[in-house]
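Colleague: Below is the structure I would like to discuss, written out as structure tokens.
The values are calculated or read from the model by the stated rules, or taken from the named source; none is laboratory data. Only a predicted model underlies this, so the values are computations on that prediction, with no experimental measurement involved. Each accessible area value is taken on the protein alone, full model and side chains, heavy atoms only, with ligands, DNA and RNA left out. Shrake-Rupley method; radii C 1.70, N 1.55, O 1.52, S 1.80 Å.
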Amino acid sequence: MIQHFLDYMAIEKKYSDKTVLAYGKDLRNFCSFCGWEPADFDPAKVTEADVREWLVEMMDKDGNSARSVRRRLSSLRSFYKFLLRTGQYSHDVTQLVVPPKMDKPLPIFFKQSEMERATVYDEQADDFTSIRDSLIIQMLYQTGMRRAEMLGLTDGDVRLDAAEVRIFGKRRKERIVPIGEHLIAQIRRYLEARNELPLTAAQNAFFVQVNHKNEVTPMNMQTLYKVVCTRMGEVSTLKKHSPHVLRHTFATTMLNNGADIRTIQQLMGHASLAATQIYTHTTFEQIQKIYNAAHPRATKRKE
């Protein structure tokens, strides 16, 4: 049953390999708790009490965070929905199980002044790596794309004549993000530098890297992280410097400059508006801090 479910998630739902592996790990964890091998899983033997005890053990004994426990419960729920949909079982024991509450942290983002320093365009740079690394920061900041979406970009996705980038998000859902003339000019410069490299005929990745053997390959996750962490670490005091922080920065910048929340939802590729609305809380927190610091009646002041 479990393997059929994982095949369904990979083939029919088109989930990424990483996501499918996570589902499999969560379901094996539940089977282990119940004392079964995954191949011996029998939904008729599972009770709501079993599921609740599993959550309690993960929280109390194993010390998992509420976020991790909720994710594992979600995997089990998805599995039971699959069983119901395919007629393999008629009762969902996870339906009435309440997941642990979780305080949702506000997204962190880079300051506007930090982004201005990070995106200074060096017209004198002439080496491929410097030109590419500068473009990576610009594109993440100006499009809000995820790291996996950037790594998946092909030449055909970057449409300079139409001033837009086609992005394939989660479950291969397509969205179009417009780009400005300054970014277009920087992309053209990158392509000129990239065309001087020994590209193969089959090379289709938009972002590439050169390894120690002087071979050109598609840029990988480690290189992307290193570029962002190095560049943003030079201008920001935040402890975390990742592509996802630039994604948060994109959304916060758009909102602070008057963009409609639903437009931001479309640009970010969020399936639900609730996922986008967290940025409104971030902005309100900023406003509240400024108000408290500036307004004489905002807080009690020492005489």
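Colleague: Rounded to two decimals, what ratio of Rg to Rh does the chain give with C-alpha atoms and a Kirkwood Rh?
Modeller: So for the chain, dividing Rg by the Kirkwood Rh gives 1.04.
Colleague: Right, another one. Ordering H182, H281 by how much accessible area each has at a 1.4 Å probe, largest first, what is the list?
Modeller: Greatest to least solvent exposure: H182, H281.
Colleague: Using only C-alpha positions, report the orientation-averaged shadow area of the convex hull of the range 204-263, nm², one decimal.
Modeller: If you wrap the Cα atoms of the range 204-263 in a convex hull and average its projections, you get 6.2 nm².
Colleague: Separate question: Averaged per residue, what accessible area in Å² does the range 172-274 show with a 1.4 Å probe, protein chains only?
Modeller: About 56 Å² of surface per residue is accessible.
Colleague: Quick one: work out Rg over Rh on the C-alpha atoms of the range 138-257, Rh as Kirkwood radius.
Modeller: Looking at the range 138-257, the ratio lands at 0.96.
Colleague: Further question: Pairs of alpha-carbon atoms within less than 8 angstrom and 6+ residues apart define the contacts here; what relative contact order does the chain have, in percent?
Modeller: For the chain, the relative contact order is 17 percent.
Colleague: In Å, the Kirkwood hydrodynamic radius of the range 168-236 over pairs of distinct alpha carbons?
Modeller: 14.5
Colleague: Taking all protein chains in place and a 1.4 Å probe, what share, in percent, of the accessible surface of the range 81-134 do carbon and sulfur account for?
Modeller: 50
Colleague: For Q209, enumerate residues with amide H under 5 Å from its amide H, sequence gap 5+ or separate chain, H modeled in the peptide plane.
Modeller: For Q209, the qualifying residues are T217, M219.
Colleague: Still on this structure: Of all the accessible heavy-atom surface of the range 1-72, with the other protein chains kept in place and a 1.4 Å probe, what percent is carbon and sulfur?
Modeller: 49
Colleague: Using θ = phi - 60° and the Karplus form 6.51 cos²θ - 1.76 cosθ + 1.60, what ³J(HN,Hα) does each residue of the range 209-216 get, whole Hz, x for Gly and Pro?
Modeller: Couplings: 9, 10, 7, 5, 8, 6, 9, 8 Hz.
Colleague: In the range 18-104, if every C-alpha pair distance is counted and binned at 10 Å from zero, what percent goes to each bin?
Modeller: 17, 53, 27, 3
Colleague: Counting only the heavy atoms of the protein chains, how much of Y8 is accessible to a 1.4 Å probe, in Å² to the nearest 10?
Modeller: Estimated to the nearest 10 Å², Y8 gives 60 Å².
Colleague: State which entries of K81/K226; K25/K213; K13/K213; K45/K101; K25/K173; K111/K213 exceed 31 angstrom in Cα-Cα distance in the structure shown.
Modeller: K81/K226; K25/K213; K13/K213; K111/K213
Colleague: Still on this structure, please answer the following. When the Karplus curve 6.51 cos²θ - 1.76 cosθ + 1.60 is applied with θ = phi - 60°, which whole-Hz ³J(HN,Hα) does each residue of the range 120-126 get, with x for Gly and Pro?
Modeller: My calculation for the range 120-126 gives 4, 8, 8, 6, 8, 5, 10 Hz in order.
Colleague: Kirkwood Rh over alpha-carbon pairs of the range 1-151, then Stokes-Einstein at 20 °C and 1.002 mPa s: what D in µm² s⁻¹, rounded to an integer?
Modeller: Result for D is 114 µm²/s.
Colleague: Now for a different question. What is the angle, in °, between the Cα long axis of helix 273-294 and the longest principal axis of the Cα atoms in the chain? Nearest 10 is fine, range 0 to 90.
Modeller: Value to nearest ten degrees: 60.
Colleague: Non-local amide H neighbours of T154 (under 5 Å, H modeled in plane, Pro and chain starts lacking H): which ones?
Modeller: Residues meeting the amide H criterion: F206.
Colleague: Using the scaling law 2.2 N^0.38 Å as the reference, what is the normalised Cα Rg of the range 100-182?
Modeller: Relative to the 2.2 N^0.38 Å estimate, the range 100-182 comes out at 1.31.
Colleague: HN-Hα J couplings of the range 27-42 from phi, Karplus 6.51/-1.76/1.60, θ = phi - 60°, integer Hz, Gly and Pro as x?
Modeller: With coefficients 6.51, -1.76 and 1.60, one gets 5, 5, 4, 5, 4, 4, 4, 7, x, 10, 8, x, 5, 9, 4, 10 Hz.
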